[in-house]
Amino acid sequence: MIIIPLGNLVLGLYSILFALKGEIEYAVLLLWVGLLLDGLDGYIARKLDRKSDVNYPPLRFYRILKWGLEKSL
């Protein structure tokens, strides 16, 4: 089940790029879609009784981007 988190990462990166270009509407839209994907990812993980490895390095980098850098822009 790596497809949804990777999609969320791509949306987060594009949201940052749009924010840096000054296209705030697209950045906010991608942020909301990423938020929905994050919720869907959690829902599917609970239904499948899956636990994520929080210390997995790409996942830590993703969370820093998603909830730190993206919101500061």
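The values are calculated or read from the model by the stated rules, or taken from the named source; none is laboratory data. These numbers were taken from a predicted model, which means no experiment stands behind them. Cβ placement follows ideal geometry from the backbone for every residue including glycine, while neighbour counts extend to all protein chains displayed.
Residues are listed down the side, and each one gets a yes or a no for (1) among the hydrophobic types (A, V, I, L, M, F, W, C); (2) part of a loop (DSSP other than H, G, I, E, B); (3) modelled with pLDDT of 85 or more; (4) within 12 Å of the chain's Cα centre (by Cα):
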{"position": "Leu9", "(1), (2), (3), (4)": "yes, no, no, yes"}
{"position": "Ser15", "(1), (2), (3), (4)": "no, no, yes, yes"}
{"position": "Ala19", "(1), (2), (3), (4)": "yes, no, yes, no"}
{"position": "Trp32", "(1), (2), (3), (4)": "yes, no, yes, yes"}
{"position": "Leu35", "(1), (2), (3), (4)": "yes, no, no, yes"}
{"position": "Tyr43", "(1), (2), (3), (4)": "no, no, yes, no"}
{"position": "Lys51", "(1), (2), (3), (4)": "no, yes, no, no"}
{"position": "Tyr62", "(1), (2), (3), (4)": "no, no, no, yes"}
{"position": "Glu70", "(1), (2), (3), (4)": "no, no, no, yes"}
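What pairs come up if the first residue lies in region 1-26 and is over 20 Å from Gly39 (Cβ atoms), the second is small (Gly, Ala, Ser), and their beta carbons are under 7 Å apart, counting only those six or more places apart or on different chains?
Phe18/Ala27; Ala19/Ala27
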